[in-house]
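A short write-up of the structure that comes next.
The values are calculated or read from the model by the stated rules, or taken from the named source; none is laboratory data. The model shown is predicted, which means the values in this text are computed figures rather than measured ones. In this analysis, Cβ positions are derived from the backbone assuming ideal geometry, glycine residues included, and neighbour counts consider all displayed protein chains.
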Amino acid sequence: MRRFAPSSFGTPSALLLAVALCTALLFPGCTAKEPPAPAGPADLTKSPLYSKYDFGEAGKTINFATQPLAVPEGPLGEAMARDLTLQGVLARLGFRIRFHPFLKGGDINFFMDKGKVDAAIVGDMPTLLMAAKSAIRVGGLAKLGYGAVVLKNGTLLEDLRGKRIGNAPGTTGHFTILEALRQGRLRESDVSLVTMDVSAMTDALARGEIDGFSSWEPAPTVATATIPGTAKIFRMANSSYLYFSRPFVEKNPEAARAIVASMIRSVRWMRADHRNLMKATGWTLSAGNALAAGKYGASAEQIASITKDSLLDISGAPLIPPVHLRDGGPLQAEFLFLQSQGKIPSTVPWETLRSCFDTELAKSVLSAADRHGLDAFRFASDSP
């Protein structure tokens, strides 16, 4: 198993150097700025997908947001959704839990802002955006993996020059492509960043609408496996977390501990037997195809391999490694990037975000393993 170390996320100094790509010297169009005035974001409660969601009776229903299209977030969420031990503990506390699939972390944040979502597994950038509002409490690490810059007909960073690169602004993928350009001694103006959702990038590359993209898994693995002449030319570490709405965890600490216990139990269950991992992979494919109209893209073997590498083989998961939170660490580098992009106001200090990460919650559950039934593997075969 891989163990946490500063090198797991790159050296802090290297990551902070990534923020330098947003200086006037390297990228004149990327200087720090205040967030623009709100442009009236779409009301996702009226979307064809999310308008169908039933969030249940307030105070009696815990709504948990999952991301089947992300790996290993998908298999982890699907396993937790079938954890009968979790359902039993919450029932004794007077709750029913409902799991809702979402397309991306930004959508989850929208519903948490609306008070509809109580807990979620979300990537590092959406987590930091909610932490900047002091709206959440982060309870555990759900992934320590990599994003990648994928390029067709090129293998070197220099080959990015003049290319059209798919990019989702303000995301881990955006952070990754800018750092790739910095290390390749290229300017942002040397490429054409094409704004698009991550879910559209692989198909756009296959159709020749873009020459490459920067994204998190499984898109890079799918693209390199299915599109001839495509390679991952740059990788950069990223992470995902289990977070709770602050009002929920403050009012229902025992329910929050039960959910953290389910997260640990689900990781142990998938580690214990490869057949369990493949079950979770199958559930993820089913949920992902339902969410993406049958166009998940990744194979069961790809999902299982990514899940193993970025979660199951991480020694200590889901404990949040201290290196992530220290001054000069990877999350502070991402925080500074988000500020440079106007996603977080310059008046918000790093300490505000760091204080949202609870490094003791998972430890308290692990220290009472028998009481929380961490090895009580009772997972339903079908959706609850």
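Does Phe213 fit the bill of being buried (at least 20 other Cβ atoms within 10 Å of the Cβ), at pLDDT 95 or above, assigned to a strand (DSSP E or B) and not assigned by TED's automatic domain parsing to the domain that holds Leu93? Yes.
Can you tell me which residue is farthest from Asp124 (Cα to Cα) among those in the range 295-315 that are modelled with pLDDT of 95 or more and β-branched (Val, Ile, Thr)? Among them, the one singled out is Ile303.
This table checks each residue for (1) surrounded by 18 or more Cβ atoms within 10 Å (Cβ to Cβ); (2) aromatic (Phe, Trp, Tyr); (3) within 20 Å of the chain's Cα centre (by Cα); (4) assigned by TED's automatic domain parsing to the domain that holds Ile97.
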| site | (1), (2), (3), (4) |
| --- | --- |
| Thr230 | yes, no, no, no |
| Leu277 | yes, no, yes, yes |
| Thr281 | yes, no, yes, yes |
| Ala287 | yes, no, yes, yes |
| Ala298 | yes, no, yes, yes |
| Glu301 | no, no, no, yes |
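Cβ separations smaller than 8 Å between residues 6+ apart or across chains give the following pairs from the range 237-253 residues that are closer than 15 Å to Val117 by Cβ to residues that are surrounded by 24 or more Cβ atoms within 10 Å (Cβ to Cβ) and among the hydroxyl-bearing types (Ser, Thr, Tyr): Tyr241/Thr127; Tyr243/Thr127. Looking at this structure, is Lys116 basic (Lys, Arg) and in contact with a strand residue (DSSP E or B) (Cβ under 7 Å, 6 or more places away or on another chain)? Against the criterion (basic (Lys, Arg) and in contact with a strand residue (DSSP E or B) (Cβ under 7 Å, 6 or more places away or on another chain)), Lys116 qualifies.
Of all residues in the range 44-100, exactly one satisfies the criterion of being without any contact (Cβ under 8 Å) to a residue 40 or more places away in the chain and acidic (Asp, Glu), namely Glu57. When we screen Thr347, Thr352 for residues that are free of Cβ contacts under 8 Å to residues at least 40 places away in the same chain, β-branched (Val, Ile, Thr) and within 24 Å of Gly170 (Cβ to Cβ), the only hit is Thr347. The condition (being outside the structural domain of Met196 (by TED's automatic domain parsing), among the charged types (D, E, K, R), over 22 Å from Ala298 (Cα atoms) and in contact with a Leu (Cβ under 9 Å, 6 or more places away or on another chain)) is satisfied by just one residue among Arg96, Arg92: Arg96.
Residues are listed down the side, and each one gets a yes or a no for (1) surrounded by fewer than 19 Cβ atoms within 10 Å (Cβ to Cβ); (2) assigned to a loop (DSSP other than H, G, I, E, B); (3) among the polar types (S, T, N, Q); (4) over 16 Å from the mean Cα position of the chain (by Cα):
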| position | (1), (2), (3), (4) |
| --- | --- |
| Thr176 | no, no, yes, no |
| Leu181 | no, no, no, yes |
| Glu209 | yes, yes, no, yes |
| Ala225 | yes, no, no, yes |
| Leu242 | no, no, no, no |
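Restricted to the range 110-173, the set of strands (runs of 3 or more DSSP E) holding at least 1 residues that are β-branched (Val, Ile, Thr), within 23 Å of Ala255 (Cα to Cα) and modelled with pLDDT of 95 or more comprises 119-123, 136-152.
So that you can scan it fast, the table gives a plain yes or no per residue for (1) in contact with a Leu (Cβ under 9 Å, 6 or more places away or on another chain); (2) of a type in the set (D, E, K, R); (3) outside the structural domain of Leu361 (by TED's automatic domain parsing); (4) under 26 Å from Asp309 (Cβ atoms):
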site: Ile121; (1), (2), (3), (4): yes, no, no, yes
site: Thr127; (1), (2), (3), (4): yes, no, no, yes
site: Arg137; (1), (2), (3), (4): yes, yes, no, no
site: Asn167; (1), (2), (3), (4): yes, no, yes, yes
site: Glu179; (1), (2), (3), (4): yes, yes, yes, yes
site: Val222; (1), (2), (3), (4): no, no, yes, yes
